[in-house]
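Below is one structure, written out as structure tokens; comments come after it.
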Amino acid sequence: MINRVKALFADRRGAPEARADRHSHEELQIAAAALMVEAAQLDDEFDTRERAKIRELVVARFELTPEEGDNLIEAAEARVADSIELHGFIRVVKSAFTPEERIELMEMLWEVVYADGELHHYEANLMRRLAGLLQVSDRESGLARKRARERLDLSSAGTK
């Protein structure tokens, strides 16, 4: 599993060793998954659709088995429960992910908040804050939101 995660960061976007050395691969995965868990829990309803969406996203993004995906989500939930703020997770993501990877993460986060078919105002506020903290422009976050909605086929639904 570690080799697959190393390969994820050893891409053509430059200096992967410098990025990956700052944080363990497990920390990177947990930080990204923790942000998704936080987004899913924000409306006080972390339902099976949101959990399934997070699992689908982490399995695909980090090339994990379904069991490894479940373990990652459990670890992320525990870290979120133990944390009083998101800045630690954001710091890890910001220092290790390229701008393109942060946009991809925003798209994943949009998929999670829309997994239950609606966007709660707390979730919308979190997404605005995360975009700013992750240094993703409003435009890029909006495009990521649009792609997520299209992938979830919410573009024609009455969902905000």
Selection within region 42-68 - part of a helix (DSSP H, G or I), touching a residue at least 12 places away in the same chain (Cβ under 8 Å) and within 18 Å of Val93 (Cβ to Cβ)
Ile54, Leu57, Val58, Arg61, Phe62
Those residues of region 64-79 that are surrounded by 13 or more Cβ atoms within 10 Å (Cβ to Cβ) and acidic (Asp, Glu) come to a total of 3
Those residues of region 54-63 which are at pLDDT 95 or above and surrounded by 17 or more Cβ atoms within 10 Å (Cβ to Cβ), in sequence order:
Ile54, Arg55, Leu57, Val58, Val59
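The values are calculated or read from the model by the stated rules, or taken from the named source; none is laboratory data. As the structure is a prediction and not an experimental result, all values here were calculated from the model. Cβ coordinates were reconstructed from backbone atoms using ideal geometry, including for glycine residues, and neighbour counts include every protein chain displayed.
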